[in-house]
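Trainee: Pasting in a structure now, in structure tokens, and then I'll have a few things to ask.
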Amino acid sequence: MTIQINPREIAAQAMVEILKEGKYNTIVLRKLLKQNGAMPQKDRAFVTEMVNGTLRNLYYIDFVIDSISSVKTKKIKPYLLAVLRTAVYQIYFMNVPENAVCDEAVKLVKKRGLTSLAGFANGVLRNIVRQKDSIILPDEKQYPVEYLSLKYSHAQWLLKMWLHQYDYDFVKQLCEQNNISPDVSIVVNTLCTTTEELKKELEQKGIVVKLSNYYKNVLHLSKTSDMTKLEAFHKGKFHVQDESSVTAVEVICPQEGETILDMCSAPGGKSFLMAEKVNNRGNICCCDIYEHKLELLEESAQRLGITILETKQQDGTVFCEEQEQKFDKVVVDAPCSGLGLIRKKPDIRLKKNGNDIDNLLLIQKEILKQGAKYVKIGGVLVYSTCTLCKKENEKNVQWFLEQHKDFALEDITPFLPEKMITDTAKEGYITLYPHIHHTDGFFIARFRRKES
């Protein structure tokens, strides 16, 4: 007897856990898909699309429900709201017959023992279908922040910050790109295979593989299921890493035999790539505040056949005397607000409120302060974040140079692919944007410790 697993039910359950219980969408999806392993691949993809898509468009979806329903979203029971939200996502953004969406939603409500609310759910959804094209957003010219917030489901505080930094069209294009699900980018482990060999192997598994616009050792994958089940993964032929992070490694420019410190190294992508670039010759010290993250990093290094990594549990904000002036290169990929990852982690836009940025600034500055002490005279310090926030990026660089007169920014144009070079690269830093570079939003700066 085949077990019938309803993908819509799994999606609704995921939404409750993410939005009511505050769990991370990647962790929730991984857990629920594992628990329901008997689901066919197309249903697993359907669940993922429904959950991530609903999160990506949540403000818009809630605006639609609130425009139609007599009971507003804030007062609707969590499970019923999860069913309605995923149903509205299907109605507006997926190619699913509208009748089926309404019928299935009603079934889920009844199955959960909320029979008395089935009529309400049915009425709201049927009305949404009828009035689908007559929902009017605030006027774009008159209320630009409100319009962008609802149209692209980005928080108003975030839009105000970006509009203070960039012009309107730039922000609009950034929001649009943040709502498009990206391919998965992987780095080929050149210690054991070549790009051509791996591309061929993955294509034989039915995966769509595209070459990178920037790097020979990076591939873009789509039509992938669980990559950890691939033989190529178990044989250590690749690791998942965005091209923005690959660019940070290019800027670090590791050389064979160097000693390198990666201060906030988990999950390890930069360290793995640095090890591959130096042909597994040298010494890379990987530090992180969390022991369990270092254990996962060690497992991945073993899978990749990398032997030059040494892990150390260490709080980056606390000075470690034995590391003073010990390293040719120090990498500070600082904890940050993560606003450059919105397209990959749609729940980030719902969990941040802007107040945490000031606390992060203190941590970033403290790690930079300690990191500077570990660089040899004449050595290099690279600072990076995966956020689009000038306070955490350019302002921190400015602060660092004011505090550390023995460091200077260094031209990074020699390390960048031609298509990435911007005006600021010559000055020593670069910001990558999802809608321009088709990478995560990312910031990288390179400093040199002066000889005298």
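Every read-out reported here was derived from the displayed coordinates using simple, explicitly stated rules and does not represent laboratory data. If you're wondering where the values come from, they're calculated on a predicted model, not measured in any experiment. Glycine also receives a Cβ, built like all others from the backbone with ideal geometry; neighbour counts cover every protein chain displayed.
Trainee: Of the listed values [x] 156; [y] 140; [z] 222, grab the one calculated as volume of the Cα convex hull per residue in Å³ from the structure here.
Mentor: [x]
Trainee: Modelled label-to-label distance, THR413 and GLN204, 7 Å Cα→beta-carbon offset: nm?
Mentor: Between THR413 and GLN204, the simple spin-label model gives 4.5 nm.
Trainee: For the range 7-134, take the alpha-carbon Rg, divide it by the Kirkwood Rh, and send me Rg/Rh.
Mentor: 0.94
Trainee: Would you mind calculating the relative contact order of the chain from Cα pairs under 8 angstrom and at least 6 residues apart, reporting the percent as a whole number?
Mentor: Once divided by the residue count of the chain, the mean separation gives 12 percent.
Trainee: Along the charge dipole of the chain, which of GLY305, THR115, ILE180 sits closest to the positive end, that is, farthest toward it, with unit charges on the beta carbon of Lys, Arg, Asp and Glu (+1, +1, -1, -1)?
Mentor: THR115
Trainee: Go through 151-162, 400-411, 116-127 and give me the packing order, highest mean Cβ count within 10 Å leading.
Mentor: 151-162, 116-127, 400-411
Trainee: Only four residue types carry charge here, +1 at the Cβ of Lys and Arg and -1 at the Cβ of Asp and Glu. Report the dipole size of the range 7-134 about the Cα centre in Debye, rounded to the nearest 20.
Mentor: Charge dipole of the range 7-134: 360 debye, to the nearest 20.
Trainee: Which aspartates and glutamates have a Cα lying under 19 Å from the Cα of LYS141, excluding residues fewer than 8 positions away in the same chain?
Mentor: Hits, sequence-local ones excluded: ASP167, ASP169, GLU176.
Trainee: Shifting gears a bit: Nearest 10 degrees is fine. How inclined is helix 394-403 to the longest principal axis of the chain, computing both from alpha carbons?
Mentor: 30
Trainee: Where the centroid of each part is defined by its Cα atoms, how far is the range 38-95 from the range 138-170 in Å?
Mentor: Here the answer is 23 Å between Cα centres.
Trainee: Relative to the Cα centre, what is the charge dipole magnitude of the chain, using +1 at the beta carbon of each Lys and Arg, -1 at the beta carbon of each Asp and Glu, and rounding to the nearest 20 debye?
Mentor: Dipole size: approximately 1640 debye.
Trainee: Pulled fully out, how much extra length does the chain show between SER67 and GLU176, if you take 0.36 nm times their separation in residues and subtract their Cα-Cα distance?
Mentor: Here the segment from SER67 to GLU176 would lengthen by 36.9 nm.
Trainee: Just check the range 244-449 against the gyration tensor rule for me: Cα atoms, a ≥ b ≥ c as the square roots of the eigenvalues, rounded for a/c under 1.5, and otherwise prolate or oblate depending on whether a/b exceeds b/c.
Mentor: Rounded is the answer for the range 244-449, as its axis ratio a/c remains below 1.5.
Trainee: How large is the charge dipole for the range 65-188, taken about the Cα centre, if only the Cβ atoms of Lys, Arg (+1) and Asp, Glu (-1) carry charge, to the nearest 20 debye?
Mentor: It works out to roughly 840 debye.
Trainee: Let me ask something additional. Send over the Kirkwood Rh of the range 184-240, from the inverse of the averaged 1/r over different Cα pairs, rounded to one decimal Å.
Mentor: By the Kirkwood definition, the hydrodynamic radius is 11.1 Å.
Trainee: Sticking with this one: Among GLN4, TYR290, GLY371, pick out the residue whose Cα is farthest towards the positive end of the charge dipole of the chain, where Lys and Arg carry +1 and Asp and Glu carry -1 on C-beta, about the Cα centre.
Mentor: My answer, from the dipole projection, is GLN4.
Trainee: Here's another thing I want to ask about it. Among the listed pairs LYS23/LYS365; LYS216/LYS277; LYS373/LYS450; LYS344/LYS426; LYS376/LYS405, which are separated by more than 18 Å between their Cα atoms?
Mentor: Violating the 18 Å limit, Cα to Cα: LYS23/LYS365; LYS344/LYS426.
Trainee: Just add up the charged neighbours of ALA266: K/R +1, D/E -1, any other residue whose Cβ is under 11 Å from the Cβ of ALA266.
Mentor: -4
Trainee: Follow-up question, since we're still on this one. In µm²/s, what is D for the range 210-254 at 10 °C and 1.306 mPa s, where D = kT/(6 pi eta Rh) by Stokes-Einstein and Rh is the Kirkwood radius from Cα pairs?
Mentor: Translational D for this selection: 133 µm²/s.
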